[in-house]
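A short worksheet on the structure shown next.
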Amino acid sequence: MKSHTWLKPAIFILVLLGVWQLVVFLHPQQLLPGPWKTALGIVDLFPRGLIVKYIVASVFRVTWGFSLAVLVAVPLGLVVGWYRRAEMALNPILQILRPISPLAWIPIAILWFGVGDLAAIFLIFVGCFLPMLLTVINAVQSVPAVYINAGRNFGLGPVPLMRKILFPAIIPRLMTGLRITLGIAWLVVVAAEMIAVNSGLGFLIVDARNAGNRYDLVVAGMVIIGVVGLLLDNWVRSLERSHALCWGFEEKQ
Amino acid sequence: MSSSASARAVTAAEPPMPGLPIKLRTENVGMAFLRDDKTLPVLENINLEVGNGEFVCLLGPSGCGKSTLLSAMAGFLRPTSGAILIDGEIVRGADPRRIFVFQERGVFPWLTVEGNIGFGLRKLPAKERAERVGHYIQMVGLEGFEKSYPHELSGGMKQRVEVARALAVNPDVMFLDEPFGALDSITRMVMRIELLRIWQAERKTILFVTHDIDEAVQLADRVVVMSARPGRIQQIVSIDIPHPRDISSPRYLELRDGILSQIGLAHRL
Ligand SMILES: Nc1ncnc2c1ncn2[C@@H]1O[C@H](COP(=O)(O)OP(=O)(O)OP(=O)(O)O)[C@@H](O)[C@H]1O
Ligand SMILES: [Mg+2]
């Protein structure tokens with residue numbers, strides 16, 4: 001029974017790999033390495049130990065940028081979502097900042113922090129902060145009035161109300177927001193590393209191209225980025241499923 | 001709602017059951033909401049006195065402002081005109097001495113049964129808190145479900161959690177807004193019996209909103225019949241049948257039919 005859950009995707013992936021190999025075989029001059037060469041590229045990366053170092057470097061930056069963004073955005077979002085006036089005051093700025101791609105901050109990041117970890121972490125922070133803040137503000141504003149009234153009825157002032165009612169009430173939506181934001185962080189880190197640092201998976205890709213057009217290593221890097229991203233996503237999903245956090249997912253609403 | 005002149009609006013405050021000190025009074029309470037740039041009058045001239053320990057039901061057609069009146073009494077809304085006084089003081093906000101019981105929707109889904117019932121007892125030492133929680137869990141018959149989350153409970157059980165959470169902080173007044181409306185008829189009967197038992201044991205002042213005439217006549221010392229919007233007090237009926245009430249006795253049927261014709265009249269207005 002269980003085998004069926006992975007059997008179909010596995011077959012599908014094999015078919016895709018086959019098509020990929022076939023296309024490369026028919027157009028050898030197109031400079032795209034086939035799956036076989038890519039696999040060899042991945043193998044090639046391991047003995048040098050570089051790949052582990054690069055993965056660790058990327059994950060390290062994502063952890064810092066993402067965590068800082070969450071730690072600032074969640075309390076701020078609770079306050080801003082709760083006080084309508086704060087939201088009205090802040091909203092124009094948020095709406096202007098929102099459409100600016102985090103990558104547009106790259107020159108400023110380098111200006112402020114130089115080439116290095118801090119610049120990359122800053123870029124990830126910028127990319128994660130606004131989506132997280134907007135998620136929290138939205139979630140707070142859609143907390144059912146009964147919970148807030150009940151909290152007030154039991155004598156909670158503003159701060160306890162945020163801690164004991166608003167925060168737990170938004171956790172289900174917060175978890176979804178965290179998952180999406182972590183995805184953004186993983187997108188941003190690769191781009192940041194292409195420009196602002198000399199290590200990490202993003203750097204691996206530009207470096208492989210610059211140092212001798214090793215497109216097998218470029219695609220190998222892309223595959224590794226995909227796999228690590230998938231693992232991160234699965235990790236947050238497993239948090240969503242943990243009981244203390246999941247009340248909203250089991251509710252039949 | 002058009003020919004309000006023909007409604008027999010009672011303007012003088014209706015006194016509570018004789019012999020009870022006054023717990024809550026409303027003085028000419030009026031309420032209007034702003035909707036589409038127009039003011040929508042929802043309550044007009046509500047004058048009511050509720051005695052300490054009295055069980056009063058508010059009964060009226062849907063949309064007549066029962067929930068609005070109850071929310072104003074609990075301090076969630078400010079009346080547009082008039083005043084609401086509890087213990088002689090004007091109500092200015094929510095207060096743990098007066099707990100509002102929302103249908104089962106007010107139970108916090110992120111807390112266990114224990115967590116919910118102990119929610120209002122944050123300031124007590126852990127041991128005393130656990131004792132109080134245990135006492136009320138037993139009172140509402142939820143032993144064995146202490147660690148359950150609300151989504152694991154039935155509607156009736158969630159309702160009991162809410163009632164227990166309210167009782168645990170030992171309020172003087174409880175406001176219940178159609179607390180049993182979402183329950184099946186058998187559970188509803190059981191809950192009424194339990195509520196009466198608790199009320200007789202603890203003697204809270206209870207204001208209970210319902211649009212079920214039988215429920216009102218089974219529970220209340222007095223039934224406040226309200227007219228369609230803008231809600232006014234149309235009549236106040238004292239239910240002079242001692243508990244436990246025989247719901248097939250002639251007096252019960254007489255009172256129920258009297259209110260029924262009042263409501264019928266209300267619908268024709
Ligand atoms: N916050 C609000 N803003 C605008 N109008 C409101 C608001 N709350 C209630 N109303 C209106 O006031 C009227 C009375 O509402 P209320 O909920 O008090 O009625 P009710 O007697 O409790 O009805 P039901 O028996 O259906 O619960 C309704 O017409 C409703 O649309
Ligand atoms: Mg109502």
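The table below lists the values:
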| quantity | calculated |
| --- | --- |
| C-alpha long axis of helix A:84-97 to longest principal axis of chain A, angle in ° | 20 |
| Total accessible area lost when B and A pair, probe 1.4 Å, Å² to nearest 100 | 2000 |
| Residue with peak Gaussian network fluctuation, chain B [Cα springs, cutoff 10 Å], from B:148, B:248, B:67 | B:248 |
| Candidates B:69, B:111, B:176, ranked by Gaussian network fluctuation over chain B, Cα under 10 Å, top entry | B:111 |
| Between helix A:35-45 and chain A: long-axis angle, C-alpha atoms, 0 to 90°, nearest 10 | 80 |
| Sequence of B:158, B:204 from largest to smallest accessible area, 1.4 Å probe | B:158, B:204 |
| Where the stretch A:51-242 is the region considered: accessible area per residue in Å², 1.4 Å probe | 47 |
| Candidate lysines for bridging to residue B:158, where Cα separation is under 19 Å - those fewer than 8 sequence places away on the same chain excluded | A:252, B:147 |
| Peptides ranked, highest mean first, by Cβ atoms within 10 Å: ranges B:230-236, A:69-75, B:241-247, B:180-186 | B:230-236, A:69-75, B:180-186, B:241-247 |
| Mean separation of Cα contacts under 8 Å (6+ apart) over length of the stretch B:75-139, as relative contact order % | 22 |
| Whole-percent carbon and sulfur share, accessible surface of chain A, 1.4 Å | 72 |
| Relative contact order, percent, chain A [alpha-carbon distance under 8 Å, six or more residues apart] | 25 |
| Accessible surface, the stretch B:122-269, averaged per residue in Å² (probe 1.4 Å) | 44 |
| Chain B - mean residue ellipticity at 222 nm from DSSP helices (-39,500 (n - 2.57) per run, n ≥ 4, rounded to 500) | -10000 deg cm²/dmol |
| Length-normalised contact order of the stretch A:12-144 in % [C-alpha pairs under 8 Å, at least 6 apart] | 31 |
| Apportionment of accessible area to carbon and sulfur, the stretch B:98-170, percent (1.4 Å) | 50 |
| Threshold 30 Å², the stretch B:97-142 residues less accessible with all protein chains present than alone (1.4 Å probe) | B:99, B:102, B:105, B:108, B:109, B:110, B:119, B:122 |
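The values are calculated or read from the model by the stated rules, or taken from the named source; none is laboratory data. This is a predicted model, so every value here is computed, not measured. Positions of Cβ are backbone-derived with ideal geometry, glycine not excepted, and every protein chain shown enters the neighbour counts. Ligands, DNA and RNA are excluded from the accessible area calculation, which covers all protein heavy atoms including side chains. Shrake-Rupley method; radii C 1.70, N 1.55, O 1.52, S 1.80 Å.
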